[in-house]
Amino acid sequence: MLRLNSSLRQQSNLMDKEKERGTKSSLIVQEGVSQPPSINPDILRKTAGRKKRKYSTDEYVDGITSGNRTILSQAITLIESSLPQHHEEAQAIIERCLSHGSQSLRIGITGVPGAGKSTFIETFGLFLTGKGRKLAVLAVDPSSSKTRGSILGDKTRMEQLSIHPDAYIRPSPSAGTLGGVARKTRETIILCEAAGFDTILVETVGVGQSETAVHSMVDIFLLLMLAGAGDELQGIKRGIMEMADIIAITKADGDNKIFAEGAKGLYENALHLFPPGPSGWKPKVLTCSALKNTGIEELWEVINAYYLFTKKSGFFDEFRKQQAVIRMHDAISDYLHNNFYSDKEIKNLRPELEKKLYEGRITSYKAAKILIDKYCNGKGC
């Protein structure tokens, strides 16, 4: 113990002498190296006090019709908003843009998971822009049923198309909407047409529960399928083929080309079992490879053939009118849904009824009737 105390005293005396001489001892804790800030201070200085500019309805419309993509994107964000204060302004913008809409070609693209929709759209989109078309891609990403969030990564999967000056890619969350279509996709189409895009591609999350949602907002319904993956009979069984105007067997390259040709024959035979659609058009089946860029031009020729066929028969314009009626009914449903759940009395009553349902003290139908009666009595309906 005496030796330990003596050693400590010696070390203390040594440190005192080193301090007096202005030297540093290794026993003294050094100050750490200062770390750079996590956020670039230059960015903070540039954005300090800057607020996101709020445009008027006139500025939104003028910006959209002049092709300003920043304003177009902000307008789409506005119409996708679920906030009640944004609804009225969004509707005013849509109404003003309706008269500026071009006679664009709307193509819905859906298909089985793994069919390569994003790869196909990039190759097809680059082909269209090479033909002088102005292309808008409305890509709908699946939303998480738990967090309601979406990755929205379509731009990263379409590297070349996303930077093309004649292409515009807008990813939107499906937000639980059936059929893999965003709630405001119809309105987004109107804005893109007003911005001068003459070709609109609507990519869905895949074959969902309500393909009519896609079919009711596009002119041509394109179904992408895989060969050799057990999807041939599944495609027939799902009934999606009844809505498809064109079927494209993707990834028809390499060793898979033979399987793709075989699947093409199966689908062509299956299509004979279905009655003719309202357009009178007989659906076509093709094979293509987005990787090898084969079959893309032939597909575009078939799309043009469909357009000319339906234009001549009058179905094209008639179907657009029918879609306007469908859009009205959807708008009514959205309005009633939002108005119902934003009602103050409904908000106050819901927790109590949900607790009773959870405890099994009331049926779902009775709880729904209580809420509806409460809403109707308050609104006088």
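The values are calculated or read from the model by the stated rules, or taken from the named source; none is laboratory data. Please read all numbers here as calculations on a predicted model, not as lab measurements. FYI the Cβ positions are ideal-geometry reconstructions off the backbone, even for glycines, and counts take in every protein chain you see.
Condition first: closer than 21 Å to TYR306 by Cβ, surrounded by fewer than 16 Cβ atoms within 10 Å (Cβ to Cβ) and in contact (Cβ under 8 Å) with a residue 12 or more places away in the chain. Now tell me which residues in the stretch 104-131 satisfy that.
Filtering the stretch 104-131 down to residues closer than 21 Å to TYR306 by Cβ leaves 104-111, 115, 117, 120-121, 123-125, 127-131.
Retained after the next criterion (residues that are surrounded by fewer than 16 Cβ atoms within 10 Å (Cβ to Cβ)): 130-131.
Selection gives LYS131 alone.
Could you count how many residues in the stretch 97-134 are in contact with a His (Cβ under 8 Å, 6 or more places away or on another chain) and farther than 19 Å from PRO165 by Cα? Show your work before the answer.
Start the filter on the stretch 97-134 by keeping residues that are in contact with a His (Cβ under 8 Å, 6 or more places away or on another chain), which leaves 108, 125-126, 129.
Imposing the further condition that a residue be farther than 19 Å from PRO165 by Cα reduces the set to 108.
Of the residues in that region, 1 qualify.
Could you grab the pairs with beta carbons closer than 7 Å, sequence gap of 6+ or different chains, first residue in the stretch 311-333 and modelled with pLDDT under 90, second one in a helix (DSSP H, G or I)?
Between residues of the stretch 311-333 that are modelled with pLDDT under 90 and residues that are in a helix (DSSP H, G or I), the close pairs are ARG327/ARG186.
Scan the stretch 265-295 for residues that are in contact with a Lys or Arg (Cβ under 8 Å, 6 or more places away or on another chain), touching a residue at least 24 places away in the same chain (Cβ under 8 Å) and either of a type in the set (S, T, N, Q) or under 12 Å from GLU242 (Cα atoms) (or both) and jot them down.
The answer is LEU271, THR287, SER289.
Please find, among LEU371, LEU336, the residue that is assigned to a helix (DSSP H, G or I), exposed (fewer than 14 other Cβ atoms within 10 Å of the Cβ) and either assigned by TED's automatic domain parsing to the domain that holds ALA90 or under 33 Å from the mean Cα position of the chain (by Cα) (or both). Steps first, please.
Working: LEU371 fails: exposed (fewer than 14 other Cβ atoms within 10 Å of the Cβ).
Going through LEU371, LEU336 in turn, the sole match is LEU336.
Suppose the filter is closer than 30 Å to GLU242 by Cβ, outside the structural domain of GLY125 (by TED's automatic domain parsing) and over 25 Å from the mean Cα position of the chain (by Cα); does GLU318 pass it? Show your work before the answer.
On the way: closer than 30 Å to GLU242 by Cβ: yes; outside the structural domain of GLY125 (by TED's automatic domain parsing): yes; over 25 Å from the mean Cα position of the chain (by Cα): yes.
Considered against the rule, which asks whether it is closer than 30 Å to GLU242 by Cβ, outside the structural domain of GLY125 (by TED's automatic domain parsing) and over 25 Å from the mean Cα position of the chain (by Cα), GLU318 comes out as yes.
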